[in-house]
Protein chains: 2
Amino acid sequence: MNVILLEPYEIGADNAVVLNDRRHEHLVTILKSQPGETIRIGLINGPLGRGLIEQISRRETRLRAILDETPPPAPAVDLILALPRPIMLKRIIAQAAALGVGKIFLTNANRVEKSFFQTSLLDKTTLREHLLLGLEQAVDTRLPEVSVHQRFRPFVEDFLPNITAEYAHRFIAHPGVENSLAQAASPLMAGRILLAIGPEGGWVDFEIDKFRTQDFTPIHIGQRIVRVETAVTALLAQLDLLRQLSSIS
Amino acid sequence: MNVILLEPYEIGADNAVVLNDRRHEHLVTILKSQPGETIRIGLINGPLGRGLIEQISRRETRLRAILDETPPPAPAVDLILALPRPIMLKRIIAQAAALGVGKIFLTNANRVEKSFFQTSLLDKTTLREHLLLGLEQAVDTRLPEVSVHQRFRPFVEDFLPNITAEYAHRFIAHPGVENSLAQAASPLMAGRILLAIGPEGGWVDFEIDKFRTQDFTPIHIGQRIVRVETAVTALLAQLDLLRQLSSIS
């Protein structure tokens, strides 16, 4: 936890904040914070800032919030993700929030097991908790928006056409296709990016074709077979690098 | 497990192989393999190939090995890693092997807890098991060479100078330095690369200075604070992209 994130309703009169949950535990047991110290705080979907610790008891930490710092820039990438198995989903969601994505579309695919959609992880509250873990790691306040699309065809045929115009670039990751990101990406990577990553085992041809129809460019991430979690990190890192190279040149 | 990896001594007369450990279990319970089927196999530090399954009993799988395919090219990157805590080390080692690195130098650093060096994970056999998990994921046979350097100064002052000439590029990852990899990397990324990644919490200034003396270029990986595991994947992916862009242009 590299930042303590606050809900808007937790900011009281005179910017007083009382913490009595895992954030309090973290301050006491990990950071061994003392009254008088200043800690890094942030308002969820708002500014970053500092918290001046005024009082720490066994049960709670009282602090004064100063929220006047700009959070990191809004992420340029949104992510379509074939719903991973719950144990992976937890980590991938936190990871994606840590690396910075705007929206996450969780969708069905041929190689997604139906039972995955039954997980309690998809409850809004639980999803939010895992996203917050990622933001706390990365020191960001912008919560990715997550939506769940349990049927593939309506997602790709009806939903996607309504949003694709928002994106300057659309990629779908798939092993064995002709081009890597390096080969497929345009030298100037401005504008928003929509990136689709399949399930363990990959998309099936029908799904690839559907994405192609929506002007997605298939890309591979090398000869090696990687886990979905690794693919998410690797591709977000590569897209970030490409954007940086575009802004340098 | 996307490939079954074999030790050289497991290849018997007429290329007969008997598996009776987790590889056998995997074939039976996960792949539900049947006699007559062909599976992907590889010889550790040797070629890839196919195994023709001749017999499966409750206890063992018997197959015939044909090892005539070239494994992925030797990785161009070696990794210096401040020893992570054991639970992370396991995953990072497997991850690095999956992504492809030649050598891994595990070293001490100010923010590495001394106790980390006591872990049984550093036994050669245990390290090897975790590296193999990564290779089995990625379908590679080349086992990274791991060495452990329990004292930082002898490592950086005596050991490093003897090997730095092997590398065309040397980078040390550290938050808050001036340049990102995109800014620091030369447009032509040929030759071997040595990449140093610090502990959770980062290197201390003394360590950065020592690496600078050995001509390492400090690079950051953005404004966001990421876990060591994420940094390893992100930087290896970015280096791979840079090498690809160099070979395209």
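Observations, loosely collected:
- Average partner coverage of B:2-15, which counts Cβ from other chains inside 10 Å: 0
- Across identical copies of the chain, residue A:22 has label-point separations of 2.8 nm, listed in ascending order, with the point defined 7 angstrom from Cα along Cα→Cβ.
- Dipole in debye (nearest 20) - the protein assembly as shown, about Cα centre, beta carbon charges: Lys, Arg +1; Asp, Glu -1: 620
- Among beta bridges that DSSP assigns inside chain A, antiparallel share in %, nearest 5: 40
- Degrees, to the nearest 10: B:86-99 long Cα axis against longest axis of chain B: 70
- DSSP beta bridges in the protein assembly as shown [antiparallel fraction, %, rounded to 5]: 40
- Using a 7 Å Cα-to-Cβ projection, residue B:147 label spacings across copies, nm, ascending: 5.4
- Convex hull of alpha carbon positions in the stretch A:95-249: directionally averaged projected area 9.4 nm².
- Quarter the surface of the alpha carbon convex hull of the protein assembly as shown and you get the mean projected area, 26.1 square nanometres.
- Out-of-range pairs (alpha-carbon distance over 20 Å; input A:103/A:124; A:90/A:210; A:90/B:114; A:90/A:124; B:103/B:124): A:90/A:210; A:90/B:114
- Over the protein assembly as shown: helical MRE at 222 nm, DSSP H runs n ≥ 4 each giving -39500 (n - 2.57), nearest 500: -8500 deg cm²/dmol
- Inter-chain neighbour count for A:93-101: the average number of beta-carbon atoms from partner chains within 10 Å of each residue's beta-carbon is 2.
- Summing charges over neighbours of residue B:28, with a neighbour being any other residue whose Cβ is under 11 Å away from its Cβ, gives +3 when K and R count +1 and D and E count -1.
- When the Cα positions of A:70, A:53, A:83 are compared along the charge dipole of the stretch A:42-130, A:83 comes out farthest toward the positive end, with charges on each C-beta of Lys, Arg, Asp and Glu.
- For the stretch A:106-181, fraction of C-alpha pairs farther apart than 20 Å, in %: 53
- Rounded tilt (10° steps) of A:124-138 against the dominant C-alpha axis of chain A: 80
- Listed peptides A:49-55, A:239-245, B:236-242 by packing density, highest first (mean Cβ within 10 Å): B:236-242, A:239-245, A:49-55
- Point-charge dipole on Cβ atoms (K/R +1, D/E -1) for chain B, about Cα centre, debye to 20: 420
- Take each peptide in B:106-115, B:225-234, count the other Cβ atoms within 10 Å of every residue, and average; sorted highest first, the result is B:225-234, B:106-115.
- Degrees between helix A:228-248 axis and first principal axis of chain A (Cα, 0 to 90, nearest 10): 90
- Across the identical copies, the 7 Å label point of residue A:128, projected outward along Cα→Cβ, sits 5.1 nm from its counterparts, in ascending order.
- Average partner coverage of B:168-181, which counts Cβ from other chains inside 10 Å: 1
Any read-out appearing in this document is the output of simple, stated calculations on the displayed coordinates, not a laboratory observation. All of these numbers come straight from a predicted model, not from anything done at the bench. All Cβ positions, even for glycine, are placed from backbone atoms using ideal geometry, and neighbour counts span all protein chains on display.
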